[in-house]
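Participant: Before I ask anything, here is the structure I am working with.
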Amino acid sequence: MTAATPVAVVTGASGGIGAATARGLAAAGYEVVLTARREERLRELAGELTAAGHRARVHVLDVTDRAAVDALAASLDRCDVLVANAGGALGADPVATGDPAEWRRMYEVNVIGTLHTTQALLPALTASGDGTVVVISSTAGHATYEGGAGYVAAKHGAHVLAETLRLEIVGTPVRVIEIAPGMVRTEGFATTRFRGDTEKAAKVYAGVAEPLTAEDVADAVTWAVTRPSHVNVDLLVVRPRAQASNTKVHRES
């Protein structure tokens, strides 16, 4: 009897770290369920993966919509891995002038979205007998910086969610892994943060010869997920060599 293909759900899979992670897990033998709001991007990725001989399916999803998340869970016969990657930053204003709507949106996506997907899929992850939850947080979830309080608060929430879940479900066959990337240059993160201002977005990486790529983070996720079942990578902080902390970055002139 042939063993069933394990299933990995990846949120925010339409680009960046999510898409790269889907590629990594597909290559590692998982059937990947690609979720995000941008259907066209998801279908392009699914086509790429199936053309390469992998298994992938598309489920358009807004992680802040609990009914939609529950529908995703109900559509799955099994779930072995959840990569809670959907998130992002909006704005870089100081606390005194920050937009409460942006703060609320960041919290909804980064924290409540992760909560929704974790709650909905935890029964299937447990039933698999060898489940894994991966929370993609950020170094912003471990230290603050000026102009980043809204995003920092949200990612601290994601970090605490992962840490608390690990305590609460110890003894069950589910691992909880947190991957906390530092400076990653993807096609949309900084541009979205600065409301489409590409000049401001470029300044984030100015002088940094080699920021992390989405593939670097995906490699860390795939490595952590594919460790033996008894090995739990509680927290993996990944930064480029040029970044010593959130506020200490070597920039070449």
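The values are calculated or read from the model by the stated rules, or taken from the named source; none is laboratory data. Just so we're clear, the structure is a prediction, and the values are computed from it rather than from any experiment. Backbone-built Cβ (ideal geometry, glycine too); neighbour counts: all protein chains shown. We work out accessible area using only protein heavy atoms, side chains counted, and drop any ligands, DNA or RNA first. Shrake-Rupley method; radii C 1.70, N 1.55, O 1.52, S 1.80 Å.
Participant: Looking at the structure I just gave you, is Gly29 buried (at least 16 other Cβ atoms within 10 Å of the Cβ) and modelled with pLDDT of 95 or more? Walk me through how you get there before you give the answer.
Facilitator: Details: buried (at least 16 other Cβ atoms within 10 Å of the Cβ): no; modelled with pLDDT of 95 or more: yes.
The answer is no for Gly29.
Participant: In segment 208-231, which residues are of a type in the set (Gly, Ala, Ser), at pLDDT 95 or above and either assigned to a loop (DSSP other than H, G, I, E, B) or open to solvent by 50 Å² or more (accessible area, probe 1.4 Å) (or both)?
Facilitator: The one that is of a type in the set (Gly, Ala, Ser), at pLDDT 95 or above and either assigned to a loop (DSSP other than H, G, I, E, B) or open to solvent by 50 Å² or more (accessible area, probe 1.4 Å) (or both): Ser229.
Participant: Go through segment 83-114 and give me each residue that's more than 20 Å from Val32 (Cα to Cα) and aliphatic (A, V, I, L, M). Steps first, please.
Facilitator: Within segment 83-114, the subset more than 20 Å from Val32 (Cα to Cα) is 88-112.
Result: Ala89, Leu90, Ala92, Val95, Ala96, Ala101, Met106, Val109, Val111, Ile112.
Participant: Filtering segment 142-200 down to residues that are open to solvent by 70 Å² or more (accessible area, probe 1.4 Å) and among the basic types (Lys, Arg), which residue is modelled with the highest pLDDT?
Facilitator: Filtering first and then ranking leaves Arg185.
Participant: Could you tell me which residue of segment 1-18 is farthest from Ala218 (Cα to Cα), considering only residues that are open to solvent by 10 Å² or more (accessible area, probe 1.4 Å) and not β-branched (Val, Ile, Thr)? Steps first, please.
Facilitator: Here is the first cut: in segment 1-18, the ones open to solvent by 10 Å² or more (accessible area, probe 1.4 Å) are 1-6, 12, 14-17.
If we keep only those that are not β-branched (Val, Ile, Thr) too, we end up with 1, 3-4, 6, 12, 14-16.
On the way: Met1: 32, Ala3: 25, Ala4: 24, Pro6: 18, Gly12: 13, Ser14: 14, Gly15: 12, Gly16: 9 Å.
Applying the filter and picking the extreme gives Met1.
Participant: While we're here: Which residue pairs have Cβ atoms closer than 9 Å, lie 6 or more positions apart in sequence or on different chains, and pair a first residue in segment 42-57 that is acidic (Asp, Glu) with a second residue that is part of a helix (DSSP H, G or I)?
Facilitator: Pairs that qualify, where the first residue is acidic (Asp, Glu) and the partner is part of a helix (DSSP H, G or I), are Glu48/Arg23.
Participant: Continuing with this model, one more query. Out of everything in segment 49-104 that is under 26 Å from Gly147 (Cβ atoms) and in contact with an Asp or Glu (Cβ under 6 Å, 6 or more places away or on another chain), what residue ends up being least open to solvent (accessible area, probe 1.4 Å)?
Facilitator: Step by step, filter segment 49-104, then rank; the result is Gly91.
Participant: Need pairs with beta-carbon distance below 7 Å; first residue touching a residue at least 40 places away in the same chain (Cβ under 8 Å) and closer than 22 Å to Ser14 by Cβ and within segment 203-220, second assigned to a helix (DSSP H, G or I) and not hydrophobic (A, V, I, L, M, F, W, C); sequence gap 6+ or separate chains.
Facilitator: Every condition considered, the pairs that remain are Ala214/Gly16; Ala218/Thr21; Ala218/Arg23; Ala218/Gly24; Asp219/Gly24.
Participant: So which residues in segment 129-141 are surrounded by 19 or more Cβ atoms within 10 Å (Cβ to Cβ) and assigned to a loop (DSSP other than H, G, I, E, B)? Break it down stepwise before answering.
Facilitator: Taking segment 129-141 and keeping what is surrounded by 19 or more Cβ atoms within 10 Å (Cβ to Cβ), we get 131-141.
Within segment 129-141, Ser137, Ser138 qualify.
Participant: Go through segment 115-128 and give me each residue that's of a type outside the set (A, V, I, L, M, F, W, C), touching a residue at least 60 places away in the same chain (Cβ under 8 Å) and open to solvent by less than 20 Å² (accessible area, probe 1.4 Å).
Facilitator: Here is the first cut: in segment 115-128, the residues of a type outside the set (A, V, I, L, M, F, W, C) are 116-119, 123, 126, 128.
Right, trim to touching a residue at least 60 places away in the same chain (Cβ under 8 Å) and you get 117, 128.
Matches in segment 115-128: Thr117 only.
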